[in-house]
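Here's the structure we're looking at; comments come further down.
A short reminder: the numbers here are calculations on the coordinates, not readings from a lab. Computed from a predicted model, the values in this text were never measured in an experiment. Note: ideal-geometry Cβ built from the backbone for every residue, glycine included; neighbour counts use all protein chains shown.
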Amino acid sequence: MQEGLTSGFGRRMLALAYEFLLLLGVWFIAAFLFHLVFRDPNAEYFRPLFQFYLLFVGGVYFIWFWTHGGQTLAMQTWKLKLVAANGKRVTAQQAMVRYLMAVIGISLLGFSLLWALFSRDRQFLHDKLAGTRIIKLN
């Protein structure tokens, strides 16, 4: 089933856009639960705790999917799969590094994504740093 070819930049960006929509839904449910527990949004601790919580929820979402089959829901739709650089299954450590580096790289004006336009292997910077790559499935 695995073709092993590096997926094109456009396909990965479309999957990323779809991923963002799905993540908004996950965050919406998570935010609802958070607001049920912490009822005072005017408290000084509320905003940083809420932001960290959403970052954590996003990490759990991505890391779980990447380590359990290598595909998020959006990746399944676009027939993409995350694998280790050697083609094997992604480890939990690789998934955590990829998530953290993606958050940092995308927060820096999308630098981690733009990296793929100029790198020889056309992979995102966070994939290079984590030792992973996104492949296209048949």
### Size of electric dipole in the chain: Cβ of Lys, Arg +1 and of Asp, Glu -1, about Cα centre, debye, nearest 20
520
### Task
Please name which of Leu23, Ala43, Leu117 has its Cα lying farthest along the dipole of the chain towards the positive end, using unit charges on Cβ (Lys, Arg +1; Asp, Glu -1) and the Cα centre as origin.
Leu117
### Query
Zone of Gln76 (label point 7 Å along Cα→Cβ, backbone N under 20 Å): which residues in the stretch 15-49?
15-30
#### Entry: the chain: proportion of alpha-carbon pairs further apart than 22 angstrom, %
39
### Message
What FRET efficiency comes out for Asp121 versus Glu44 if R0 is 35 angstrom and r is the Cβ-Cβ distance? Round to the nearest 0.05.
### Response
0.15
### Helix-only mean residue ellipticity at 222 nm for the chain, each DSSP H run of n ≥ 4 adding -39500 (n - 2.57), per residue, nearest 500
-20000 deg cm²/dmol
### Task
Please order Arg11, Arg133, Arg120 by the number of other Cβ within 10 Å, starting at the fewest.
Arg120, Arg11, Arg133
